[in-house]
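Peer 1: This is the structure I want to talk about, given as structure tokens.
The values are calculated or read from the model by the stated rules, or taken from the named source; none is laboratory data. What you see is a predicted model, and the numbers here were worked out from it, not measured in a lab. Counting neighbours? That spans all protein chains shown, and the Cβs are built from the backbone with ideal geometry, glycine included. Accessible surface areas use protein heavy atoms only, side chains included; no ligands, DNA or RNA. Shrake-Rupley method; radii C 1.70, N 1.55, O 1.52, S 1.80 Å.
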Amino acid sequence: MSQATDALAAMPSLLAVAIAALMSAFITWTSRPLLQRYALARPNARSSHRIPTPQGAGIAVIAATLIVASVWAAFAGVTIPPALIAATVLIALVGFADDIVSLPVLLRLVLQAAAVGAVVFTAPDTAHIVPALPLALERSFILIAGVWFVNLVNFMDGLDLMTVAEVVPVTAALLLLGWLGEVSWPAALIAATLCGGMLGFAPFNRPVAKVFLGDVGSLPIGLLLGWCLLELAWRGQAAAALLLPAYYLADSTLTLLRRIARREPFWSAHRTHFYQRATDNGFSVPRVIGEVFLLNLVLAGLAILTVRAGSMAVTSFALGAGAIAIGFVLRRFSRPQAS
């Protein structure tokens, strides 16, 4: 695409965010009665909510994201990989089925791997992060990481507005990097419409939430977000692609390793993520969400800094600063609040 076409396509991106937000909000609002009837999440000992709440509003977020992005891409003359669209629909259907009737763990993983693999293995051969690694081996590692990323987004979607506090800063940063020419336009467009979809969903999910995303939302959000980050890494910006979701990566991965070390059934539902422990330790839900949101803004700023500076020294500083900021927040969340 020429620079002129790139500029023309980038100019209305904020409008794409707004349209996706309005569509997401409308679909969420109109679908609530059906979700209330057929997809009610009842609280249990591991839940963060206290009253039965409909789940499945992720349908609105994903529909708004894909529809607006596809129409806008056609208008702008750019191509969103068909495999990405198909894989997103597949993994959303898997999540929807799991929201209604719980699917066996192995079946879920196989279908998730199929969706992630469709995206990873259909990418151009020129998309390579570590040239020293054979391409097939690198893609296999990305497949495993992709399945984990899809699931960790699902695991971290356990508090009102938590996914909004994660996805909005990350997608906004990706959109900004798209404007700066550091991310492919299809990835920036997906980021823009996903950001809009989450903003449209946010009013319905603020504490106390009227509706949840459900697996039908969190799983495809993980896939779309992971693809956008992968596009960033394929452009030689692996540090930025790591920094943007670093809080989610740290909270979920450290929690998984801790549960494995304690020989707990790590595949079962639990309330031991750092953000969940924070509410048990006296943090209010708005405070947890606020701190996560601010942390993600810091990480987004550090990610953009690494991309624009193009310096190993700056990248090392940003990675170190990001690790310190995440460690500070996780430590706070894991300690009881003074009464």
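Peer 1: Might you let me know whether region 248-266 holds any residue that is closer than 29 Å to Ala114 by Cα, among the small types (Gly, Ala, Ser) and open to solvent by less than 40 Å² (accessible area, probe 1.4 Å)?
Peer 2: Yes; the residues of region 248-266 include at least one that is closer than 29 Å to Ala114 by Cα, among the small types (Gly, Ala, Ser) and open to solvent by less than 40 Å² (accessible area, probe 1.4 Å).
Peer 1: Under the condition of being open to solvent by less than 40 Å² (accessible area, probe 1.4 Å) and among the small types (Gly, Ala, Ser), which residue from region 119-152 is modelled with the highest pLDDT?
Peer 2: It comes out as Gly146.
Peer 1: Kindly list, by first and then second residue, each pair from a residue in region 231-252 that is over 20 Å from Val120 (Cα atoms) to a residue that is outside any helix (DSSP H, G or I), limited to pairs with Cβ atoms under 6 Å and residues at least 6 apart or on different chains.
Peer 2: These pairs meet every condition: Asp251/His273.
Peer 1: Is region 89-97 home to any residue that is at pLDDT below 95, at negative phi and either open to solvent by 40 Å² or more (accessible area, probe 1.4 Å) or assigned to a loop (DSSP other than H, G, I, E, B) (or both)?
Peer 2: Scanning region 89-97, I find at least one residue that is at pLDDT below 95, at negative phi and either open to solvent by 40 Å² or more (accessible area, probe 1.4 Å) or assigned to a loop (DSSP other than H, G, I, E, B) (or both), so the answer is yes.
Peer 1: Do you know which residues across region 238-247 are of a type outside the set (Gly, Ala, Ser) and surrounded by fewer than 24 Cβ atoms within 10 Å (Cβ to Cβ)?
Peer 2: Once the filter is applied, which keeps residues that are of a type outside the set (Gly, Ala, Ser) and surrounded by fewer than 24 Cβ atoms within 10 Å (Cβ to Cβ), region 238-247 yields only Leu242.
Peer 1: Is it true that Val105 is open to solvent by 50 Å² or more (accessible area, probe 1.4 Å) and either touching a Phe, Trp or Tyr at 6+ places or on another chain (Cβ under 7 Å) or of a type outside the set (Val, Ile, Thr) (or both)?
Peer 2: yes
Peer 1: Does any residue in region 66-82 that is assigned to a helix (DSSP H, G or I) come within less than 7 Å, Cβ to Cβ, of a residue that is modelled with pLDDT under 95 and surrounded by fewer than 18 Cβ atoms within 10 Å (Cβ to Cβ) six or more places away or on a different chain, and which pairs are these?
Peer 2: From region 66-82, the pairs are Ala73/Thr79.
Peer 1: Give just the number: which of (1) surrounded by fewer than 24 Cβ atoms within 10 Å (Cβ to Cβ); (2) at pLDDT 95 or above does Asn281 not satisfy?
Peer 2: For Asn281, the exception is condition (2).
Peer 1: What do you reckon, is Val288 buried (at least 21 other Cβ atoms within 10 Å of the Cβ) and farther than 19 Å from Val183 by Cβ? Give the derivation first.
Peer 2: Numbers: buried (at least 21 other Cβ atoms within 10 Å of the Cβ): yes; farther than 19 Å from Val183 by Cβ: yes.
It is true that Val288 is buried (at least 21 other Cβ atoms within 10 Å of the Cβ) and farther than 19 Å from Val183 by Cβ.
Peer 1: What are the residues in region 192-215 that are open to solvent by less than 10 Å² (accessible area, probe 1.4 Å) and touching a Gly at 6+ places or on another chain (Cβ under 6 Å), if any?
Peer 2: Leu213, Gly214
Peer 1: Restricting attention to region 313-326, does a residue exist that is under 15 Å from the mean Cα position of the chain (by Cα), farther than 30 Å from Ala118 by Cβ and surrounded by 13 or more Cβ atoms within 10 Å (Cβ to Cβ)?
Peer 2: No - not one qualifying residue is present in region 313-326.
Peer 1: Is it fair to say Gly226 is of a type outside the set (Phe, Trp, Tyr), surrounded by fewer than 18 Cβ atoms within 10 Å (Cβ to Cβ) and at pLDDT 95 or above? Steps first, answer last, please.
Peer 2: Numbers: of a type outside the set (Phe, Trp, Tyr): yes; surrounded by fewer than 18 Cβ atoms within 10 Å (Cβ to Cβ): no; at pLDDT 95 or above: yes.
Here the answer is no, as Gly226 does not meet what is asked.
Peer 1: Okay, next question. Only one residue in Ala300, Ala321, Ala325 is of a type in the set (A, V, I, L, M, F, W, C) and touching a residue at least 60 places away in the same chain (Cβ under 8 Å), so which one is that?
Peer 2: Values: Ala321 fails: touching a residue at least 60 places away in the same chain (Cβ under 8 Å); Ala325 fails: touching a residue at least 60 places away in the same chain (Cβ under 8 Å).
Being of a type in the set (A, V, I, L, M, F, W, C) and touching a residue at least 60 places away in the same chain (Cβ under 8 Å) holds for just one of Ala300, Ala321, Ala325, which is Ala300.
Peer 1: Here's something else I'd like to know. Among the numbered criteria (1) crowded, with 22+ Cβ neighbours inside 10 Å; (2) in contact (Cβ under 8 Å) with a residue 60 or more places away in the chain, which single criterion is violated by Val167?
Peer 2: It is condition (2) that Val167 fails.
Peer 1: Only one of these conditions is not met by Gly181: (1) open to solvent by less than 10 Å² (accessible area, probe 1.4 Å); (2) in contact (Cβ under 8 Å) with a residue 60 or more places away in the chain. Which number is it?
Peer 2: If we test Gly181 against (1) open to solvent by less than 10 Å² (accessible area, probe 1.4 Å); (2) in contact (Cβ under 8 Å) with a residue 60 or more places away in the chain, just (1) comes out false.
Peer 1: Quick one: how many residues across region 228-252 are small (Gly, Ala, Ser) and either in contact with a Pro (Cβ under 9 Å, 6 or more places away or on another chain) or over 16 Å from Ala300 (Cα atoms) (or both)?
Peer 2: 2
Peer 1: All but one of (1) within 30 Å of Ala76 (Cα to Cα); (2) buried (at least 16 other Cβ atoms within 10 Å of the Cβ); (3) at pLDDT below 80 hold for Ala39, so report the exception by its number.
Peer 2: Among (1) within 30 Å of Ala76 (Cα to Cα); (2) buried (at least 16 other Cβ atoms within 10 Å of the Cβ); (3) at pLDDT below 80, Ala39 violates only (1).
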